[in-house]
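A.B. asks: Pasting a structure here, questions to come.
The values are calculated or read from the model by the stated rules, or taken from the named source; none is laboratory data. Being a predicted model, the structure only gives us computed values, none of them experimental. All Cβ positions, glycine included, derive from the backbone under ideal geometry; neighbour counts span all protein chains shown.
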Amino acid sequence: MADGRLQAPRGTFDVLPDEGGRRLRLAHLAEELLHGAGYGYFESPVIEDTELFARGVGEATDIVQKEMFTFEDKAGRSLTLRPENTAGVCRAYVEHGMHKQAQPVKLWYWGPFFRHEAPQAGRYRQFTQLGAEALGSDDPSLDAEVILLLDEFLARAGVREVRLRLSSLGTRDTRRAYLDELRAHLRSREHELSEEVRGRIEANPLRAFDSDHAGTQAVMTDAPRLLDKLEKDDAEHFAAVRALLDDAGLEYEVDTTLVRGLDYYTRTVFEFESDRLGAQRGVGGGGRYDGLVEELGGPPTPAIGWAAGVERILLAADAPEEPEDGAVFVAVAKPESGREAFRLVRELRRQGVRAELEQAGRSVKGQFKHADRIGARAVVIVGDGLEVKDMRSGEQRPAADAAEVVRLVGA
Ligand code: ATP
Ligand code: MG
């Protein structure tokens, strides 16, 4: 800035304490829910070799083509700030021989991700994802389990007006044959398509389903649908997933146009959206990636997972109804009481009482004003003896010692 003040880079943001508390509570909720379902917490580096994403996300995807923060290290090696985590999870699964452990291996994660996009509400260049992955089994109950876990998480997080779109992409062979058919359809009506879609018929014809161009949309109404082309096994797998979701009473819409951002999705794909959000309506999504571990040099390993955006979840969630209980404020009535007050605040904290100490040299009147401002539920005045004032009732009582203070304020 011209006046010499610095700002966080474009598309990034600071988390201030109010928001920080909401985020941490969300992380605790994730730990409770996912640990409870047998998912272990996993972390991997924020930087990875660029090749991991080229292979693991796919060269033709928007992420790899346009959105990665890529740089060279001092040895000239190409590194990338991770734009997503499925590729990193698969890399780690192979690197640490997790395929030799009991299967499926279930992991969950939470952390920063980076994409070079046009910043707007709900779309940032550094954002936070939480995710869950289950590797090593193609059992349809895993598909249903991960979908239901994300649904449960969103509900407990207070996200409202949620819709689930669900589809199946079949195997990569089915998809390849289907994509040829789709390309032929697009080429037969090429002059009606948007320039962008026309330019990507070869690389990524599925993107045409996402277009908001009227001519393209007309062409797509008669386009062949992948769901009609599934092999018997894949169709049965999809039916089994749906049956489990139906049993669980989960509502969803089968959407044959659902396109996901990774090249390696197979079979089940899904996306949760909230109508509370504007254009950036996707709160989380995922799918099966049965070929990805092998693609990255591991043994054939079916797997499924999802990722959800923490900032979008908080935007779409109801604010918590009840504000937290205030702290106990320890006031210093005269300078000589400073050391006793310092000891008392430590003792209160040891006893599990959230406590704060006067540390800015205020007058006694100023200290009460401050206690009000921070929403303190009680003030302990340390002077000639101890006095405890309940800030809600206004009642003030003497206390003999720290233990009595604890009794009076309640832990
Ligand atoms: P979108 O269609 O909005 O670009 P996406 O398909 O690229 O989303 P995924 O790769 O599936 O998103 O990532 C999972 C979730 O991460 C999204 O549903 C969203 O909540 C969140 N997310 C993705 N990109 C961003 C971003 N740039 N800023 C904030 N959250 C994001
Ligand atoms: Mg995107």
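A.B. asks: Just name the residue that is farthest from ligand 1 (Cβ to nearest atom) out of those in the stretch 52-71 that are in a helix (DSSP H, G or I), free of Cβ contacts under 8 Å to residues at least 60 places away in the same chain and aliphatic (A, V, I, L, M). Full working, then the answer.
C.D. replies: If we filter the stretch 52-71 for residues that are in a helix (DSSP H, G or I), which is where we start, we get 52-56, 62-67.
With free of Cβ contacts under 8 Å to residues at least 60 places away in the same chain added as a condition, the list becomes 53-54, 64-67.
Still in the running and aliphatic (A, V, I, L, M): 54, 64.
On the way: A54: 16, V64: 12 Å.
Going through the qualifying residues, I end up with A54.
A.B. asks: For the stretch 1-51, enumerate the residues that are surrounded by fewer than 17 Cβ atoms within 10 Å (Cβ to Cβ), in a helix (DSSP H, G or I) and more than 21 Å from the chain's Cα centre (by Cα).
C.D. replies: E51
A.B. asks: Whether any residue in the stretch 279-287 is at pLDDT 95 or above and away from ligand 2 (no atom under 16 Å from the Cβ) is what I want to check.
C.D. replies: Within the stretch 279-287 (the criterion being at pLDDT 95 or above and away from ligand 2 (no atom under 16 Å from the Cβ)), the answer is no, since none of the residues qualifies.
A.B. asks: I would also like to ask the following. If the requirement is being touching a residue at least 24 places away in the same chain (Cβ under 8 Å), farther than 27 Å from H28 by Cβ, among the polar types (S, T, N, Q) and surrounded by 15 or more Cβ atoms within 10 Å (Cβ to Cβ), which of these qualifies: S137, S211, S194? Break it down stepwise before answering.
C.D. replies: Working: S211 fails: touching a residue at least 24 places away in the same chain (Cβ under 8 Å); S194 fails: touching a residue at least 24 places away in the same chain (Cβ under 8 Å).
Exactly one residue qualifies, and that residue is S137.
A.B. asks: A further question follows. Mind checking which residues of the stretch 355-391 are closer than 20 Å to E340 by Cβ and in contact with a Leu (Cβ under 9 Å, 6 or more places away or on another chain)?
C.D. replies: If the condition is that a residue be closer than 20 Å to E340 by Cβ and in contact with a Leu (Cβ under 9 Å, 6 or more places away or on another chain), then A355, L357, A378, V380, V382, L386, V388 are the ones that fit.
A.B. asks: Looking at D222, D263 in this structure, which one is without any contact (Cβ under 8 Å) to a residue 60 or more places away in the chain and either over 30 Å from R160 (Cα atoms) or buried (at least 19 other Cβ atoms within 10 Å of the Cβ) (or both)? Steps first, please.
C.D. replies: Working: D263 fails: without any contact (Cβ under 8 Å) to a residue 60 or more places away in the chain.
The match here is D222.
A.B. asks: Right, E236: touching a strand residue (DSSP E or B) at 6+ places or on another chain (Cβ under 8 Å) and acidic (D, E) or not?
C.D. replies: Working: touching a strand residue (DSSP E or B) at 6+ places or on another chain (Cβ under 8 Å): no; acidic (D, E): yes.
For E236, the condition - touching a strand residue (DSSP E or B) at 6+ places or on another chain (Cβ under 8 Å) and acidic (D, E) - is not met.
A.B. asks: Another question, then. Listed residues E152, E95, E145; which is without any contact (Cβ under 8 Å) to a residue 40 or more places away in the chain, more than 16 Å from ligand 1 (Cβ to nearest atom) and either under 23 Å from P205 (Cα atoms) or in the same structural domain as L33 (by TED's automatic domain parsing) (or both)? Explain how you work it out, then say what you get.
C.D. replies: On the way: E152 fails: without any contact (Cβ under 8 Å) to a residue 40 or more places away in the chain; E145 fails: without any contact (Cβ under 8 Å) to a residue 40 or more places away in the chain.
Only one candidate qualifies: E95.
A.B. asks: Does at least one position in the stretch 297-318 carry a residue that is surrounded by fewer than 17 Cβ atoms within 10 Å (Cβ to Cβ), out of contact with any strand residue (DSSP E or B) (no Cβ under 6 Å at 6 or more places or on another chain) and not in a loop (DSSP other than H, G, I, E, B)? Please lay out each step first, then the result.
C.D. replies: Step one: filter the stretch 297-318 for residues surrounded by fewer than 17 Cβ atoms within 10 Å (Cβ to Cβ), giving 297, 299-300, 318.
Subsequent filtering for residues that are out of contact with any strand residue (DSSP E or B) (no Cβ under 6 Å at 6 or more places or on another chain) retains 297, 299-300, 318.
Narrowing further to those that are not in a loop (DSSP other than H, G, I, E, B): none.
No, there is no match, as no residue in the stretch 297-318 is surrounded by fewer than 17 Cβ atoms within 10 Å (Cβ to Cβ), out of contact with any strand residue (DSSP E or B) (no Cβ under 6 Å at 6 or more places or on another chain) and not in a loop (DSSP other than H, G, I, E, B).
A.B. asks: Oh, and also: Please go through the stretch 244-278 and give me each residue that is in contact with a Leu (Cβ under 7 Å, 6 or more places away or on another chain) and within 14 Å of ligand 2 (Cβ to nearest atom), ordered by number.
C.D. replies: Passing the criteria: V259, E271, L277.
A.B. asks: Can I ask one more? Go over the candidates V105, V57 one by one and state the one that is within 16 Å of ligand 2 (Cβ to nearest atom), under 17 Å from L296 (Cβ atoms) and touching a Leu at 6+ places or on another chain (Cβ under 9 Å).
C.D. replies: Numbers: V105 fails: within 16 Å of ligand 2 (Cβ to nearest atom).
Only one candidate passes the filter, namely V57.
A.B. asks: Hey, another quick one. Looking only at the stretch 108-132, filter to residues that are within 24 Å of P302 (Cβ to Cβ) and of a type outside the set (G, A, S); which one of those is farthest from the chain's Cα centre (by Cα)? Spell out the reasoning first.
C.D. replies: Within the stretch 108-132, the first condition is being within 24 Å of P302 (Cβ to Cβ), and the residues that meet it are 108-109, 129-132.
The next check asks that each one be of a type outside the set (G, A, S); those that pass are 108-109, 129-130.
Values: W108: 11, Y109: 9, Q129: 3, L130: 3 Å.
Result: W108.
A.B. asks: I'm checking my understanding of the structure. Among residues of the stretch 276-296 that are among the aliphatic types (A, V, I, L, M) and surrounded by 24 or more Cβ atoms within 10 Å (Cβ to Cβ), which one is nearest to the chain's Cα centre (by Cα)?
C.D. replies: V283
A.B. asks: Report, by residue number, each residue of the stretch 187-211 that is aliphatic (A, V, I, L, M) and under 18 Å from A60 (Cα atoms).
C.D. replies: Let us first name the residues in the stretch 187-211 that are aliphatic (A, V, I, L, M), namely 193, 197, 201, 203, 206, 208.
Hits for the stretch 187-211 are V197, I201, A203, L206, A208.
A.B. asks: Tell me which residues, restricted to the stretch 286-296, are in contact (Cβ under 8 Å) with a residue 60 or more places away in the chain and not in a loop (DSSP other than H, G, I, E, B).
C.D. replies: Keep residues of the stretch 286-296 that are in contact (Cβ under 8 Å) with a residue 60 or more places away in the chain, which gives 286-293, 295-296.
Across the stretch 286-296, the qualifying residues are G286, G287, R288, L292, V293, E295.
A.B. asks: So, in the stretch 392-411, how many residues would count as being touching a Leu at 6+ places or on another chain (Cβ under 7 Å) and assigned to a loop (DSSP other than H, G, I, E, B)?
C.D. replies: Taking the stretch 392-411 first, the residues touching a Leu at 6+ places or on another chain (Cβ under 7 Å) are 397-399, 402, 405-406.
With the extra rule that they be assigned to a loop (DSSP other than H, G, I, E, B), the set shrinks to none.
Qualifying residue count for the region: 0.
A.B. asks: Restricting to the stretch 355-394, and then to whatever is touching a strand residue (DSSP E or B) at 6+ places or on another chain (Cβ under 7 Å) and among the charged types (D, E, K, R), can you tell me which residue is nearest to A331 (Cα to Cα)?
C.D. replies: Top of the filtered list is E358.
A.B. asks: Taking P140 as meeting all but one of (1) over 20 Å from R281 (Cα atoms); (2) in contact with a strand residue (DSSP E or B) (Cβ under 6 Å, 6 or more places away or on another chain), write down the number of the exception.
C.D. replies: Answer for P140: the failing condition is (2).
A.B. asks: Also, quick follow-up: Got a sec? Which of A118, A87, A92, A132 is assigned to a loop (DSSP other than H, G, I, E, B), out of contact with any Pro (no Cβ under 7 Å at 6 or more places or on another chain) and modelled with pLDDT of 95 or more? Step through it out loud before you land on a result.
C.D. replies: Numbers: A87 fails: assigned to a loop (DSSP other than H, G, I, E, B); A92 fails: assigned to a loop (DSSP other than H, G, I, E, B); A132 fails: assigned to a loop (DSSP other than H, G, I, E, B).
Among A118, A87, A92, A132, only A118 is assigned to a loop (DSSP other than H, G, I, E, B), out of contact with any Pro (no Cβ under 7 Å at 6 or more places or on another chain) and modelled with pLDDT of 95 or more.
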